[in-house]
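J.: Right, I'll just put the structure down here and ask away after.
Coordinate-derived values only; no laboratory data. The shown structure was predicted, so the numbers you read here are calculated from the model rather than taken from an experiment. Cβ sites come from the backbone with ideal geometry, for glycine too, and all protein chains shown count toward neighbours.
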Amino acid sequence: MYLRLGHCYRSSCSPGYLPAQRFPLTVEFQMANNMSQKKRNRQNEKRRQNNMALVSDLKTSIKKVETAAAAGEPTDALYREAQKKIDVAADKGVLHANTAARKKSRLATLTTVE
């Protein structure tokens, strides 16, 4: 997949210049020519869908902890569930280890401040 931004064709335009009429962002897909690349594309799409679902579920569980903490409700069970999901995402490589540690730390401060 290649991303191409519209650009100015005039010789007087600087490289970073965008003309007044902005071109939309276009996405071009390259057609695979051999079977191994077609399989790789199928695998990548499946992994992308799984990662998006994992991240969406993770965000939802974090949001549940944040709203419960803001409302003054008990957050112990929700925090444990969110922590498990963060660990799973980090183990699968969807989140970087430091990002996972930061998210867990911020959730812990929300739950212990109460």
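J.: As a quick test, which of the pairs K63/K92; K64/K92; K38/K104; K38/K92; K46/K84 have an alpha carbon distance above 29 angstrom in this structure?
T.: Working: K63/K92 21 Å; K64/K92 22 Å; K38/K104 38 Å; K38/K92 24 Å; K46/K84 23 Å.
Those over the limit are K38/K104.
J.: Follow-up. May I ask you to compute the full-extension gain from M52 to E66, defined as 0.36 nm times their residue separation minus their alpha-carbon distance, rounded to one decimal in nm? All intermediate terms of the calculation are to be shown ahead of the outcome.
T.: Working: separation 14, 0.36 × 14 = 5.04 nm, distance 2.10 nm.
Full-extension gain reported as 2.9 nm.
J.: In sequence order, what are the phi-derived ³J(HN,Hα) couplings for region 48-55 according to the Karplus relation 6.51 cos²θ - 1.76 cosθ + 1.60 with θ = phi - 60°, rounded to whole Hz, with x for glycine and proline?
T.: Once rounded to whole Hz, the list reads 4, 5, 5, 5, 5, 5, 5, 5.
J.: Between R42 and D91, what's the calculated FRET efficiency when r is the beta-carbon distance and R0 is 22 Å? Round to 0.05. Mind showing how you got there, number by number?
T.: Details: r = 24 Å, r/R0 = 1.08.
E between R42 and D91, to the nearest 0.05, is 0.40.
J.: Test of understanding: express the Cα radius of gyration of region 34-113 as a ratio to 2.2 N^0.38 Å, with N the residue count. Let's see the in-between values first.
T.: Working: Rg = 16.0 Å, N = 80, 2.2 N^0.38 = 11.6 Å.
So the Cα radius of gyration is 1.37 times the expected 2.2 N^0.38 Å.
J.: Can you list the HN-Hα couplings for region 32-39, worked out from phi with the Karplus curve (6.51, -1.76, 1.60; θ = phi - 60°), rounded to whole Hz and with x for Gly and Pro?
T.: Per-residue couplings from phi come out as 6, 9, 10, 5, 5, 6, 5, 5 Hz.
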